[in-house]
Amino acid sequence: MQRLSVLATLFSLLIVSAADGVLLDDFEDGNYTSNPTWSFAPYTSGSQVLVTDDPVRPGNHVHAYRGTVDGHRGLDTSVDMPWAGFDFTTEYMASSAADFNPRFNIDGDGQIRIELRNYHSMQFQITEAGVTHSVSLADIPDNDWWSIHVWHAQGAGLIRGEIHRVADNSLVASLSFEPLVDYVSHAPISHFRMVTQETQWQYVDNICLTPEPSTALLLVAGLFIVGRRHHVAG
Ligand SMILES: [Ca+2]
Ligand SMILES: [Ca+2]
């Protein structure tokens, strides 16, 4: 537990403003409105968002949110960073396998929208410039953390997406495609947004949106993995 606390502090120390080109939030400050600054996403209202105890990982704080029958709920924050080489990770958990649909928008012209959908079949979708790429998902368990990773692999000329189960790092789904947009010369990313319209609680933690990961961030990510395994083993 002590190591988890130290790692959480390290992560918090690396939280800098999105204007510096990095967006990080582990919600350990217990406040979803600041550090970084979040506001209700457009077309959303109400108080169905909060920071709460992690339902399955003691000593951890997470962002919890849910929609209503008539509207989306979610948060939005300003970002100013280049598209080329962007790297997005977050951890996501659904309280109900029958009722989930997180949507993560990396905004600006050339928008990337990342969704897990369960309307007609369960799918992992990445929509780029209005064109949707998707892959089928097996059933999502209740209360099981997944790690979602979407990034611009500049060398390969691809947008890649992967989902791993956090508990054992097993690969859940992956897809890749050649981007329609020239991200190298594109105007910067301006916003990050996460919303849902589902009425069951959904959870998000360890949001990280960066230009190509820095050595420091990779180091912290590695420490987190070590710390988590230590924590699970302990
Ligand atoms: Ca956390
Ligand atoms: Ca905060």
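Filtering Val172, Val195, Val232, Val226 for residues that are at negative phi, assigned to a strand (DSSP E or B) and at pLDDT below 90 leaves a single hit, Val195. The residues listed here are Asp70, Asp29, Asp53, Asp80; of these, the one that is more than 16 Å from ligand 2 (Cβ to nearest atom), modelled with pLDDT of 85 or more and surrounded by fewer than 18 Cβ atoms within 10 Å (Cβ to Cβ) is Asp80. Here Ala167 passes the criteria (1) farther than 25 Å from Gly74 by Cβ; (2) assigned to a strand (DSSP E or B) except the one numbered (2). For segment 87-102, the set of residues classified as of a type in the set (A, V, I, L, M, F, W, C), buried (at least 22 other Cβ atoms within 10 Å of the Cβ) and either at pLDDT 90 or above or in a strand (DSSP E or B) (or both) consists of Met93, Ala94, listed by residue number. Residues of segment 113-135 that are at pLDDT 90 or above and in contact with a Phe, Trp or Tyr (Cβ under 8 Å, 6 or more places away or on another chain): Arg113, Ile114, Glu115, Leu116, Ile126, Glu128, His133, Ser134, Val135.
The values are calculated or read from the model by the stated rules, or taken from the named source; none is laboratory data. None of the values given here were measured: they were computed from a predicted structure. No Cβ is skipped: glycine too gets one built from the backbone with ideal geometry, and neighbour counts run over all protein chains shown.
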